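Have a look at the structure below before the remarks.
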Amino acid sequence: MLTDGTDQALAFVEETRHILRAAEDRGLVLRAVGSVGVRMSADLDDLLAGLGRVPPNDIDLIGASAQRSGYRELFDELGY
């Protein structure tokens, strides 16, 4: 059982990294935003746990609208 959400947060960060690597391999521009994006940009786990913040429960991504069909193919291939 998760006590402070650290394991869950790490799982979301790792899955986001997997998605971003797959996008990059396909030449797609994709960025993580939201709470997972913030966690990936700075080492805030201790601070967030101390503040009682809940772990992330989704992954927020942003990309170029011109690459929309590439994103659809990517997420289909990844099982989303």
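Key figures for this structure:
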read-out: Options (i) 17, 14, 13; (ii) 38, 20, 16; (iii) 27, 12, 9 - which one matches semi-axes √(5λ) of the Cα gyration tensor in Å as calculated here; value: (iii)
read-out: Estimated [θ] at 222 nm from DSSP helical runs (n ≥ 4, -39500 (n - 2.57)) normalised by residues in the chain, nearest 500; value: -16500 deg cm²/dmol
read-out: Within a Gaussian network of the chain (alpha carbon springs, distance under 10 Å), most fluctuating of L51, L20, L28; value: L51
read-out: Net charge, T16 excluded, C-beta distance under 13 Å - Lys, Arg +1, Asp, Glu -1; value: -1
read-out: Kyte-Doolittle mean at least -1.0, axial Cα span of 27 Å or more - DSSP H helices of the chain; value: 6-25
read-out: Values of log10 I(q)/I(0), in the order q = 0.14, 0.22, 0.23 Å⁻¹, for segment 21-66 under a Debye, Cα-only, solvent-free model; value: -0.43, -0.80, -0.84
read-out: Normalised contact order of segment 1-53, rounded percent, pairs of Cα under 8 Å and 6 or more residues apart; value: 38 percent
read-out: Interchain or long-range residues, amide H under 5 Å from L61's placed H; value: V33
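Read-outs: derived from the displayed coordinates by stated rules, not from any lab. Computed from a predicted structure; not experimentally measured. Cβ coordinates were reconstructed from backbone atoms using ideal geometry, including for glycine residues, and neighbour counts include every protein chain displayed.
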